[in-house]
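The values are calculated or read from the model by the stated rules, or taken from the named source; none is laboratory data. Fair warning: this is a prediction, and the values are worked out from it, not measured in the lab. Here the Cβ positions follow ideal geometry from the backbone for every residue, glycine too, while neighbour counts run over all protein chains shown.
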């Protein structure tokens, strides 16, 4: 196995473990501490001031501490690791430079949107009682961009990866 392939698989395993820790650990704990409400950056279609205020009001002190602490660290590492996985995979499964460029752009936009979204949400949850509708709007847009770009890039790269794998296996 080439070093690039080893790095890819290690990155994929670490990313999956990190996602599992969030999905089965921190996110349910935060939701339980928010009266069952899902964290706002998991609202695929975005959100408004009312949703952010309701979530912030429902958050217990322990849930806010978890969201602002461990979850924020996990959610900072996750988009970076996901982007690294995709950036390692893209040149392996796509040959056309234009397609590669598009997918690299989608990957980086998704990662940056996620990181900026996390920063805005942290500020909204820790900020003054009166929320800026403009900041909520930006955070919401970034959430939508994050999910759109990252999900599309993952779906395209995985589908092409499976196709390439099956084609090579079939030809062998």
Could you list, in sequence order, the residues of the stretch 20-67 that are over 22 Å from residue 81 (Cα atoms) and part of a loop (DSSP other than H, G, I, E, B)? 33, 34, 35, 36, 37, 38, 45, 46, 47, 48, 59, 60
Can you confirm whether the stretch 86-95 contains a residue that is in a helix (DSSP H, G or I), at pLDDT below 95, crowded, with 19+ Cβ neighbours inside 10 Å and in contact with a helix residue (DSSP H, G or I) (Cβ under 8 Å, 6 or more places away or on another chain)? yes
Restrict the check to the stretch 23-34 and report whether at least one residue is within 23 Å of residue 8 (Cα to Cα) and either surrounded by fewer than 16 Cβ atoms within 10 Å (Cβ to Cβ) or within 13 Å of the chain's Cα centre (by Cα) (or both). yes
Does residue 101 fit the bill of being loosely packed, with under 15 Cβ neighbours inside 10 Å, in a loop (DSSP other than H, G, I, E, B) and over 20 Å from the mean Cα position of the chain (by Cα)? no
What number of residues within the stretch 86-131 are free of Cβ contacts under 8 Å to residues at least 12 places away in the same chain and under 26 Å from residue 158 (Cα atoms)? 11
Please state which of the following conditions residue 107 fails to meet, knowing it meets all the rest: (1) over 15 Å from the mean Cα position of the chain (by Cα); (2) assigned to a helix (DSSP H, G or I). (1)
Could you say whether any residue in the stretch 70-82 is outside any helix (DSSP H, G or I), buried (at least 16 other Cβ atoms within 10 Å of the Cβ), out of contact with any strand residue (DSSP E or B) (no Cβ under 6 Å at 6 or more places or on another chain) and touching a residue at least 12 places away in the same chain (Cβ under 8 Å)? no
